[in-house]
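The values are calculated or read from the model by the stated rules, or taken from the named source; none is laboratory data. Just so it is clear, the structure is predicted and the values come from calculations on it, not from any experiment. With ideal geometry, Cβ positions are generated from the backbone for all residues, glycine too; neighbour counts draw on all protein chains shown.
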Amino acid sequence: MRKPNIVVIMADQLAPQFTGAYGHPAAKTPHMDALAARGMRFDAAYCNSPLCAPSRAAFMSGQLISRIGAFDNASEFPASVPTFAHYLKGLGYRTCLSGKMHFVGPDQKHGFEDRVTTDIYPSDFAWTPNWNANEERIDKWYHNMQTVKESGVAVATFQTDYDDEVEFAARRWLIDRGRDSGAGECVPFCLVASFIHPHDPYVAKQEFWELYAEDRIEMPRTTLGPDEQDPFSRRVMDGIEASTVPLTDEEVRRARRAYLANASYFDSKIGAIVKALEDIGELDNTIVIVTSDHGDMLGERGLWYKMTFFEHSARVPLIMAGPGVARGVARNACSLVDLLPTFLEIAGGKECIPDGPFDGRSLMSLARGETDSVDEVIGEYCAEMTPSPVFMIRRGNLKYIHCDADPPQLFDLSTDPNEIENLAERPEWSVTARSFAEEVAARWDSEALRRQVLNSQRSRQLLNAAMEAGPGEAWDFNPHRDASKEYVRNHMDWTVAAARYRFPPTDGASKAE
């Protein structure tokens, strides 16, 4: 029997709390809901670093960002780090990336045999933060409240242009796999279709905007002013200008409406990919996974975007459906670093997982509805708006957050899902808080990691200045296409080309093959 295909459909900045599959009362995400209904929904899935590029590097490598030096949105993802695309190719899979992965550096494929679109963000060192000036705003590219104030409707944006291209390229690549199968080439495949929505700016197409009535848009459950924030949240609030630029209720509601609309737009892309799998007859032999790189605070606690380990920022949707996956809900804490060993088990069994410095474990036992003794997630944040690394340990119902520059935070998510009460400050929780603090000290050398991050930032700032000083070859990925060999050309027999492109093939074409 042929190995199952693997298709990952990835959102950007999608908090599970804003999807129908995870219980939002107004969200319209029917395709995600359908996958959850026939598969496994993971209810405590997290990113390992709440920022785009670091999170994706952890997802690709199965390793924490401190191990591979992928600290921020301008950190190079080293070409020497094996990814699940490398391993799957070695196990006989054809691999493809359509869409965003925010690879920084000259290696823009990282093991993918095919990459069918460019990326949407720069691949150089321009977005390097500076911990020596961690409270200074990075005006050239940083989020601010103007993004929220300009939320609304548009016919098109750079984001919709991009996601429509990603969908088209992914569907075409899948149809080509159907054509290959029709010609007798039966090779398992792994496709990652990675979209930019519902990442801000919060601007939606009219048809998705109209799915939501204004009076059904919930406002944030918890709003905290600047003086009520913990120190790290206050720095983030200052960095995005939320502490100095007031928002009206109408502006907040409009942004949240557009975000829900864009979650529905992303959901339509899920539907398109699943339909393509049906069209080529591969849905029943494909494990489909829906996830995101991180979430979005979307006004909760007075914060927006990501960059914190609060639930709306660090939690991600994770839904698996397909052969061997049970129907149900998995409540164990897990994270994106767990997906590499999961893919390897799908591709060949546990024995194919190589010895190496992996920080995750396979989720297939949970996907099959079995028990798993592991119920924890480790997180690291080494990017902007902090002078030192931030660490997170989620174990069972408890979440502990540590930064050398700030007071520790401890939350019991079973009784305080909105993370209002910091138990680290309560005497009756002092033993637990001390135990977590000791674990952090044993697991990380925070000061050594801080020096490593600062050294990396200095090097990248120097290199970026040199790269901007004169012309050079850009690292941004250019998809290769040879139009002289596409469709019908003079060197081809047009009847052969027509038979190749037609799917499903006619009986005559099948016999000719």
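This table checks each residue for (1) at pLDDT below 95; (2) farther than 16 Å from Asp293 by Cα; (3) part of a helix (DSSP H, G or I).
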{"residue": "Val8", "(1), (2), (3)": "no, no, no"}
{"residue": "Ala11", "(1), (2), (3)": "no, no, no"}
{"residue": "Gln17", "(1), (2), (3)": "no, no, yes"}
{"residue": "His24", "(1), (2), (3)": "no, yes, no"}
{"residue": "Ala58", "(1), (2), (3)": "no, no, yes"}
{"residue": "Ala70", "(1), (2), (3)": "no, no, no"}
{"residue": "Glu76", "(1), (2), (3)": "no, yes, no"}
{"residue": "Val81", "(1), (2), (3)": "no, yes, no"}
{"residue": "Ala85", "(1), (2), (3)": "no, yes, yes"}
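Taking interchain pairs and intrachain pairs at least six residues apart, which have beta carbon atoms under 7 angstrom, with the first residue in region 263-288 and without any contact (Cβ under 8 Å) to a residue 40 or more places away in the chain and the second not in a strand (DSSP E or B)?
Short answer, once both residue conditions are applied: Leu283/Val274; Leu283/Leu277; Asp284/Pro323.
Checking Glu207 against (1) surrounded by fewer than 24 Cβ atoms within 10 Å (Cβ to Cβ); (2) touching a Phe, Trp or Tyr at 6+ places or on another chain (Cβ under 9 Å); (3) not in a helix (DSSP H, G or I), only one condition comes out false. Which one?
Just one mismatch for Glu207, condition (3).
Rundown of residues vs (1) among the aliphatic types (A, V, I, L, M); (2) under 29 Å from Asn262 (Cα atoms), yes/no style:
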{"site": "Leu97", "(1), (2)": "yes, yes"}
{"site": "Phe103", "(1), (2)": "no, yes"}
{"site": "Met145", "(1), (2)": "yes, yes"}
{"site": "Gly152", "(1), (2)": "no, yes"}
{"site": "Glu165", "(1), (2)": "no, yes"}
{"site": "Leu174", "(1), (2)": "yes, yes"}
{"site": "Gly178", "(1), (2)": "no, no"}
{"site": "Pro188", "(1), (2)": "no, no"}
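Quick check on Thr95: is it surrounded by 17 or more Cβ atoms within 10 Å (Cβ to Cβ) and modelled with pLDDT under 95?
Values: surrounded by 17 or more Cβ atoms within 10 Å (Cβ to Cβ): yes; modelled with pLDDT under 95: no.
It is false that Thr95 is surrounded by 17 or more Cβ atoms within 10 Å (Cβ to Cβ) and modelled with pLDDT under 95.
Please specify each residue of region 155-188 satisfying the condition of being under 22 Å from Asn5 (Cβ atoms) and hydrophobic (A, V, I, L, M, F, W, C).
Val166, Phe168, Ala169, Ala170, Trp173, Leu174, Ile175, Ala183, Cys186, Val187
Every residue, every condition in (1) under 22 Å from Leu339 (Cα atoms); (2) hydrophobic (A, V, I, L, M, F, W, C); (3) at pLDDT 95 or above; (4) not assigned by TED's automatic domain parsing to the domain that holds Phe168, yes or no:
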{"position": "Pro188", "(1), (2), (3), (4)": "yes, no, yes, no"}
{"position": "Leu211", "(1), (2), (3), (4)": "no, yes, yes, no"}
{"position": "Asp215", "(1), (2), (3), (4)": "no, no, no, no"}
{"position": "Thr222", "(1), (2), (3), (4)": "no, no, no, no"}
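Given the criterion farther than 27 Å from Gly152 by Cα, among the aromatic types (Phe, Trp, Tyr) and either in a helix (DSSP H, G or I) or in contact with an Asp or Glu (Cβ under 6 Å, 6 or more places away or on another chain) (or both), identify the matching residue among Phe232, Phe266.
Checking each option against the conditions leaves just Phe232.
Out of region 67-92, which residues are of a type in the set (Ser, Thr, Tyr) and either surrounded by 23 or more Cβ atoms within 10 Å (Cβ to Cβ) or within 22 Å of Val187 (Cβ to Cβ) (or both)?
Listed by number, the residues that qualify are Ser75, Thr83, Tyr87.
If a residue must be in a loop (DSSP other than H, G, I, E, B), without any contact (Cβ under 8 Å) to a residue 40 or more places away in the chain and over 27 Å from Asp72 (Cβ atoms), how many such residues does region 87-112 contain?
0
Among the residues in region 27-39, are any buried (at least 24 other Cβ atoms within 10 Å of the Cβ), of a type outside the set (Phe, Trp, Tyr) and under 15 Å from the mean Cα position of the chain (by Cα)?
For region 27-39, residues buried (at least 24 other Cβ atoms within 10 Å of the Cβ), of a type outside the set (Phe, Trp, Tyr) and under 15 Å from the mean Cα position of the chain (by Cα): absent.
For the structure I just gave you, tell me whether Leu247 is in a loop (DSSP other than H, G, I, E, B) and either in contact with a Ser or Thr (Cβ under 8 Å, 6 or more places away or on another chain) or among the basic types (Lys, Arg) (or both).
Taking the combined requirement at face value, the residue does not satisfy it.
Picking from Lys100, Lys109, which residue would you name as being closer than 22 Å to Pro201 by Cβ and under 19 Å from the mean Cα position of the chain (by Cα)?
On the way: Lys109 fails: closer than 22 Å to Pro201 by Cβ.
Among Lys100, Lys109, only Lys100 is closer than 22 Å to Pro201 by Cβ and under 19 Å from the mean Cα position of the chain (by Cα).
Filter region 156-186 down to residues that are in a loop (DSSP other than H, G, I, E, B) and touching an Asp or Glu at 6+ places or on another chain (Cβ under 7 Å), then give me how many there are.
2
Yes or no: Lys28 among the basic types (Lys, Arg) and either part of a helix (DSSP H, G or I) or modelled with pLDDT under 95 (or both)?
Values: among the basic types (Lys, Arg): yes; either part of a helix (DSSP H, G or I) or modelled with pLDDT under 95 (or both): no.
Against the criterion (among the basic types (Lys, Arg) and either part of a helix (DSSP H, G or I) or modelled with pLDDT under 95 (or both)), Lys28 does not qualify.
Take Lys100 and decide whether it is charged (D, E, K, R), touching a strand residue (DSSP E or B) at 6+ places or on another chain (Cβ under 6 Å) and under 27 Å from Glu300 (Cα atoms).
It is true that Lys100 is charged (D, E, K, R), touching a strand residue (DSSP E or B) at 6+ places or on another chain (Cβ under 6 Å) and under 27 Å from Glu300 (Cα atoms).
Does Thr248 satisfy the criteria of being polar (S, T, N, Q) and without any contact (Cβ under 8 Å) to a residue 12 or more places away in the chain? Break it down into steps so the answer makes sense when it comes.
Details: polar (S, T, N, Q): yes; without any contact (Cβ under 8 Å) to a residue 12 or more places away in the chain: yes.
Spelling it out, Thr248 is indeed polar (S, T, N, Q) and without any contact (Cβ under 8 Å) to a residue 12 or more places away in the chain.
Just to confirm my filter: which strands (runs of 3 or more DSSP E) fall fully inside region 320-429 and include at least 2 residues that are modelled with pLDDT under 95 and not assigned by TED's automatic domain parsing to the domain that holds Ala44?
Fully inside region 320-429 and qualifying: nothing.
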